[in-house]
Amino acid sequence: DVGKMRALGFCVSIEHAEFMAKRFTELVGIPARAVTSRTPADERRAALMALRTREVNVLFTVDLFNEGIDVPEIDTVLFLRPTESATVFLQQLGRGLRLADDKPCLTVLDFIGQQHAEFRFDLRFRALTGVSRRALAQQFERGFPTLPPGCVIDLDRVSSDIVLRNLQSALRVDWSGLVAELRRIGPCTLGEFLAETGVVLDDIYRRRRGGWTGLKRQAGIETREASADDATLAGAFGRLLHVDDPERLSAYAALLRSGERVLDPREWRLALMLHFALWGANAPADDLAASVRRASSDQPRSEEFAELLDVLAANRRRLVAPVAAVSAVPLHVHARYSRDEALAAFGVTNPGSVRQGVKWVEAERADLFFVTLRKTERHYSPTTMYQDRAISADLFQWESQSMTTEASPTGQRYVNHATRGSTVHLFLRETKEADGDLGAPPYLYAGPMTYVSHTGDRPMRILWKLAHDLPADVFHGARLAVG
């Protein structure tokens, strides 16, 4: 019943908003107003009140109400402007997600995607679901089975076909097309190129084409000669796209700028993490200053790394916090790390020698557990059960290695870690399968945990209590029924 509707319509321009309000009011008899930057403040307030009282049913606007508006009664959102910014999309969608009496649902009408062949549905659905780009098409085909309880994405058959074709097309980003786009735009930063084209970082680094600097070379914008480390650094940057904690982002940038200086113990470990990320798990770590000099001496790649860190800082999506249990360890709870980075954070200088999913770091008196929830993508099933799983947001069930008994030194350390002064840390990822040249997925650091109880021997099945609740999306993937 449009007479009871309270809607916001997001338009391309002020003229568009005024046109839409006039068409709705005069042509189809739906009371509407345009509220833009030209609208005086008192008229804006009056328009919002008119929407609340249903004196008008639609307000058309241009970016004005992306954020900061609080009208819980809004029950319909109209997307009338193309935006491939996940942030803007979620801000606009969020205007209708407040709970209110007599508001059973939010109706979202998107009039944009089908009108533009270049529109990226993958960006929109990744913003909604949080799943990886590679997993998106699979999730879509199966009806998004891993959405949080109470949430559903339901498309009719024709819409599903349109969106699925668009997703499949987006997964085949053509490198020559990226080169042509960069030539059209001209000299720009990595962040500017992504914003202008709607391309995501994965598109730049997935293939062995040389990353951002390689793209600039092929477009004729970067003419400096490639160094001996050029290919190595290009591949390393592609494996750093997960970096999402502010300390590491700022520390990596500072290390490349600082040149020769003395590092405190925490900075030394951050440098060690960067060293293995750039040069590999088996690279000797006896001279970290030389390692940083080696990276910063390649001027084009050093500039690319600085731009990449800026983009990663702008794209952070999850709140993280420094771990309190071991203050010398530069990890942030709910940030993501490769296994080598996590080991380096605990002072391990030879991560390439670690072959198992558990590591006891004697110097830190810390046990590290690296858990892959689904051993392979082929194991997908909504009802598949695994022994390593979340029981609740703060309880995690974990199985030891097959020969561990309660009476063994390792078993006793697990059971009595609190009284013995050692800590236990959990790292989680959903799958271990590599995403092209981006390498294996990183782990989410779930933080420290304490022993609760256990059953069995060879292996021990141990229940741990996490110091920090798992994020909702991670808990969903790690709970009893894992897809």
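Here are the numbers for this structure:
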read-out: Per-region count, segment 233-247, residues part of a loop (DSSP other than H, G, I, E, B) and among the acidic types (Asp, Glu); value: 2
read-out: Selected residue [small (Gly, Ala, Ser) and either at pLDDT below 90 or at positive phi (or both)] from Gly29, Gly9; value: Gly29
read-out: Options Ser302, Ser327; residue that is open to solvent by 10 Å² or more (accessible area, probe 1.4 Å) and in a loop (DSSP other than H, G, I, E, B); value: Ser327
read-out: Helices (runs of 4 or more DSSP H) contained in segment 380-483 and holding at least 3 residues at pLDDT 85 or above and either small (Gly, Ala, Ser) or surrounded by fewer than 16 Cβ atoms within 10 Å (Cβ to Cβ) (or both); value: 409-415, 417-420
read-out: Subset of segment 288-299 that is assigned to a helix (DSSP H, G or I) and more than 28 Å from the chain's Cα centre (by Cα) - its residue that is farthest from Val354 (Cα to Cα); value: Gln299
read-out: Segment 305-324, residues that are under 23 Å from Leu263 (Cβ atoms), part of a helix (DSSP H, G or I) and aliphatic (A, V, I, L, M); value: Ala306, Leu308, Leu309, Leu312, Ala313
read-out: Criterion: of a type outside the set (Val, Ile, Thr), within 30 Å of Leu428 (Cα to Cα), touching a residue at least 60 places away in the same chain (Cβ under 8 Å) and open to solvent by 60 Å² or more (accessible area, probe 1.4 Å) - qualifying residue of Arg224, Arg248, Arg239; value: Arg239
read-out: Top-ranked residue of segment 152-189 - restricted to ones that are polar (S, T, N, Q) and at pLDDT 85 or above, ranked as surrounded by the most Cβ atoms within 10 Å (Cβ to Cβ); value: Thr189
read-out: Failed item in (1) more than 21 Å from Pro187 (Cβ to Cβ); (2) modelled with pLDDT under 90; (3) surrounded by fewer than 20 Cβ atoms within 10 Å (Cβ to Cβ), with Arg209 passing the rest; value: (1)
read-out: Which numbered condition Ala285 fails, given (1) more than 28 Å from Ala363 (Cα to Cα); (2) small (Gly, Ala, Ser); (3) in contact (Cβ under 8 Å) with a residue 60 or more places away in the chain; (4) outside any helix (DSSP H, G or I); value: (1)
read-out: Residue in segment 262-281 that is closer than 24 Å to Arg355 by Cα, assigned to a loop (DSSP other than H, G, I, E, B) and among the hydrophobic types (A, V, I, L, M, F, W, C) present; value: yes
read-out: Qualifying positions in segment 1-20 - closer than 9 Å to Phe60 by Cβ and out of contact with any Leu (no Cβ under 8 Å at 6 or more places or on another chain); value: Ala17, Glu18, Phe19
read-out: Those residues of segment 34-47 which are at pLDDT 90 or above and either within 17 Å of Glu73 (Cα to Cα) or small (Gly, Ala, Ser) (or both), in sequence order; value: Ala34, Ala46, Ala47
read-out: The listed residue being modelled with pLDDT under 75 and more than 30 Å from Ala434 (Cα to Cα), out of Pro149, Pro104, Pro82; value: Pro82
read-out: Any hit, segment 260-268, residues being open to solvent by 20 Å² or more (accessible area, probe 1.4 Å), at pLDDT 90 or above and in contact with a helix residue (DSSP H, G or I) (Cβ under 8 Å, 6 or more places away or on another chain); value: yes
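The values are calculated or read from the model by the stated rules, or taken from the named source; none is laboratory data. None of these values were measured; they are calculated from a predicted model. Cβ atoms come from the backbone with ideal geometry, glycine included; neighbour counts cover every protein chain shown. These area figures cover heavy atoms from the full protein model, side chains too; ligands, DNA and RNA do not enter into them. Shrake-Rupley method; radii C 1.70, N 1.55, O 1.52, S 1.80 Å.
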